[in-house]
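A short write-up of the structure that comes next.
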Amino acid sequence: MTELPADYRAFHQLYRPRYMQWAELYLGNRHDAEEAVDQAFEDLCFTWSEVLRTESPNAYAWSVVRHRTIDCARARGRRPTVIDTAAFETSALRHAVDPIGELEESLSVYKAICALPERQHDVIVLHYCLGYSIRETADIMGITQGGVRSTARFARHRLHDALGLEREEEHR
């Protein structure tokens, strides 16, 4: 058996936990997330030298992980579970005076997030739902920090419009 390249092993060690967190949120269970992420890393391993020659290996790897995760959901006849579980896991819901009203609001927000374009959806989920910093989100997706901020701003505008909310003034 051939030894895996050191840079591949380092990439795997650094990014697998991050990818697992996203895939588990998307798929709704750890087993399916492990399968999707491990398949993505197999794909990356077989083409590692080509991955390193891309403009952004992180962006390429994110795309592979994202598509493997979506393929796994489709193979199981499921839709993304972000909308199913996230609304039920908010602390606001646990402490709400009107839990049903809070639930309806949460479901509206998550439906609006799911309707965002792919890149905006990913930025919102990574940054706001999973709590990654701007820098970490940029690193995971293989884009610039400015790209994350800009994408998040456009996504927030879309969410405000979709939810019928007034836009707050953006401060820099």
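Here are some notes:
- Of all residue pairs spaced 6 or more apart or on separate chains, those with beta-carbon atoms under 6 Å, a first member in the range 49-66 that is closer than 16 Å to Thr144 by Cβ and a second member that is among the β-branched types (Val, Ile, Thr) are Pro57/Val51; Tyr60/Val51; Tyr60/Thr54.
- Flag if Asp7 is farther than 15 Å from Asp139 by Cα, surrounded by fewer than 16 Cβ atoms within 10 Å (Cβ to Cβ) and among the acidic types (Asp, Glu): yes
- Candidates Thr137, Thr81 - the one that is surrounded by 15 or more Cβ atoms within 10 Å (Cβ to Cβ), in contact with a helix residue (DSSP H, G or I) (Cβ under 8 Å, 6 or more places away or on another chain) and at pLDDT 95 or above: Thr137
- Residue that is among the acidic types (Asp, Glu) and crowded, with 20+ Cβ neighbours inside 10 Å, where the choices are Asp43, Asp32, Asp38: Asp32
- Here Val125 meets the list (1) part of a helix (DSSP H, G or I); (2) loosely packed, with under 15 Cβ neighbours inside 10 Å; (3) not aromatic (Phe, Trp, Tyr) almost entirely, failing just condition (2).
- Verdict on Asp38 being out of contact with any His (no Cβ under 6 Å at 6 or more places or on another chain), over 20 Å from Asp139 (Cα atoms) and either in a helix (DSSP H, G or I) or among the β-branched types (Val, Ile, Thr) (or both): no
- Of all residues in the range 1-21, those satisfying the criterion of being free of Cβ contacts under 8 Å to residues at least 12 places away in the same chain and polar (S, T, N, Q) are Thr2, Gln13.
- When the range 46-74 is filtered for residues that are in a helix (DSSP H, G or I), surrounded by fewer than 17 Cβ atoms within 10 Å (Cβ to Cβ) and touching a Gly at 6+ places or on another chain (Cβ under 7 Å), only Ala59 remains.
The values are calculated or read from the model by the stated rules, or taken from the named source; none is laboratory data. Predicted model only: the values in this text are computed from it and were never measured. Ideal geometry is used to build each Cβ from the backbone, glycine not excepted, and the neighbour counts take in all protein chains shown.
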